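Here is the structure we will look at, set down as structure tokens.
Readers should treat all values here as calculations from the given coordinates under stated rules, not as data from a laboratory. Every value quoted in this text rests on a predicted model; they were computed, and no experiment measured them. Heads up, the Cβs are rebuilt from the backbone with ideal geometry, glycines too, and the neighbour counts pull from every protein chain shown.
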Amino acid sequence: MKKIFRPCILLALVLILPISASGYIPSAHFIIKMMLEGNGAIDHVMVEQTAIIFDEDSGGEALRVPGVLYLKLPDGYRLDMTLPYEKKTSIYSKGEIFTIVDGEIVSRGPDRRALFKDFLIRHSVNRIMGLLRSKHVNIERTGLGRFGGKVSYIIGAGETETEFPQLWIEKDSFLPLRFVSKEKREGSIVTVEVRYLDYRHIDDKFRYPSTIEFYADDKLTLRYQTEKVMINTSMPDNVFDMKKLIIK
């Protein structure tokens, strides 16, 4: 009886284990930890980019704006944009994003478009987990799906559950691919999405997307086209000093 029983068990294991192993999905905490590991040697990032703004009605290209993005780990952020008739700067200071136009503060508060940076530069797993919770992502829910032909972990939903806030991270590289959340705008709920596309290697230390796209209810509204990326270059401390930008 034992001689018959043992081969049966072995056969069952051979049939079952590959399926279980291929379908195993780690916890959100582990996925985020792996996503952030590639940032360990990075202190500063400077990105020269072009912002392409799309018309909400026609969907066509409306404006191209050159800009420079400064990132200082763990959460330093500044974006300079040279518009046709003015210079606009968004800068993170003491927990707030300030928007400054021609030396004058025009708005205070969170900038929804600055969210994309958080999945690229923050060190702390707990801070990312807290950010996901604040965007109503169910961190207890994980799944597998394909985006752009790449197998990805999904935090917050299953592959076909498009109605829930979620973060997609490529399974092999642990690079963020897309983030979907909900926002209240003018009395209605809008589905907003950020896509990280075509990563490039920077000095074999860092990978940064060649293109970052922003969508609202499946309509493309903004694209950041990366022109040049520099890491750990000397960056003056006053780059993140908001007072230097304000004309008194």
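Overview of values
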read-out	value
The stretch 30-114: trypsin sites (Lys or Arg not before Pro) in DSSP coil with no more than 13 other Cβ atoms inside 10 Å	LYS94
The chain: Rg to Rh, with Rh as the Kirkwood radius over Cα pairs	1.07
Paramagnetic label zone (point 7 Å from Cα along Cα-to-C-beta, ALA216; backbone N under 20 Å) in the stretch 174-206	179-196
In degrees, nearest ten, helix 28-37 long axis to first principal axis of the chain (Cα)	60
Flagged links, alpha-carbon separation over 23 Å, of LYS117/LYS228; LYS33/LYS135; LYS117/LYS219; LYS117/LYS150; LYS205/LYS243	LYS205/LYS243
R0 of 25 Å, Cβ-Cβ distance GLU161-GLU61: FRET efficiency to nearest 0.05	0.20
Extension reserve of the ASP198-SER134 stretch, reckoned as 0.36 nm per residue once the Cα distance is removed	20.3 nm
Angle between the chain longest axis and helix 125-134 axis [Cα atoms, degrees, rounded to 10]	80
Highest-MSF residue in the chain out of ILE100, ILE121, ILE189 [GNM, Cα springs under 10 Å]	ILE189
Per-residue [θ]222 nm for the chain (sum of -39500 (n - 2.57) over DSSP H runs n ≥ 4, rounded to 500)	-5500 deg cm²/dmol
